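Here's the structure, in structure tokens; my notes come after.
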Amino acid sequence: MSFNSTILITGGAGFIGSHVVRRFVYNYPDTRIVNLDALTYAGNMENLRDIETESNYVFEKVNIL
């Protein structure tokens, strides 16, 4: 699939971030959504189970520090 653009979201595995990521994934199907998260105390992959197989969604475990 070809994407028109890419949106990078940091901290997207936390409670609030996962809701932001989900909204972008569903509302912008022609945009690649890249979720960067270090998965420390607040990150939880269970928050993203319902979108992990969406074609426009990518998760990367990254610490931007």
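Bear in mind these aren't lab numbers, they're just calculated from the coordinates by the rules spelled out. For clarity, every value in this text was computed on a predicted model and none was experimentally measured. Quick reminder, even Gly has a Cβ in these numbers, built from the backbone with ideal geometry, and neighbours come from all protein chains shown.
Worth pointing out:
- Theoretical FRET efficiency, 1/(1+(r/R0)^6), r = Cβ-Cβ of Val62 and Tyr26, R0 25 Å, to 0.05: 0.60
- Rounded to the nearest 20 debye, dipole of the chain from Cβ charges on Lys, Arg, Asp, Glu: 100 debye
- As a length-normalised measure over Cα pairs under 8 Å and 6 or more apart, the relative contact order of region 2-41 settles at 54 percent.
- The calculated FRET efficiency for the pair Arg49 and Thr6, based on their C-beta separation and a Förster distance of 30 Å, comes to about 0.85.
- Nearest-ten-degree value, helix 15-27 long axis tilted from longest Cα axis of the chain: 10 degrees
- 3J(HN,Hα) along region 36-50, derived from phi through the Karplus expression 6.51 cos²θ - 1.76 cosθ + 1.60 where θ = phi - 60°, amounts to 9, 8, 7, 6, 8, 4, 9, x, 8, 5, 4, 5, 10, 4, 6 Hz, with x in place of Gly and Pro.
- Sorted peptide list for 34-44, 11-21, 51-61, criterion being average Cβ within 10 angstrom, highest first: 11-21, 34-44, 51-61
- Once backbone amide H atoms are built at 1.01 Å from N, Glu54 has no partners under 5 Å, excluding neighbours fewer than 5 places away on the same chain.
- Principal axis box of the chain, alpha-carbon based, largest edge first, Å: 34, 24, 16
- Under 5 Å between amide hydrogens, built in the peptide plane, is the criterion, and for Gly43 it picks out nothing among residues at least 5 positions away or on other chains.
- Under 5 Å, built H, 5+ apart or other chain: amide partners of Gly11: Leu36, Asp37, Ala38
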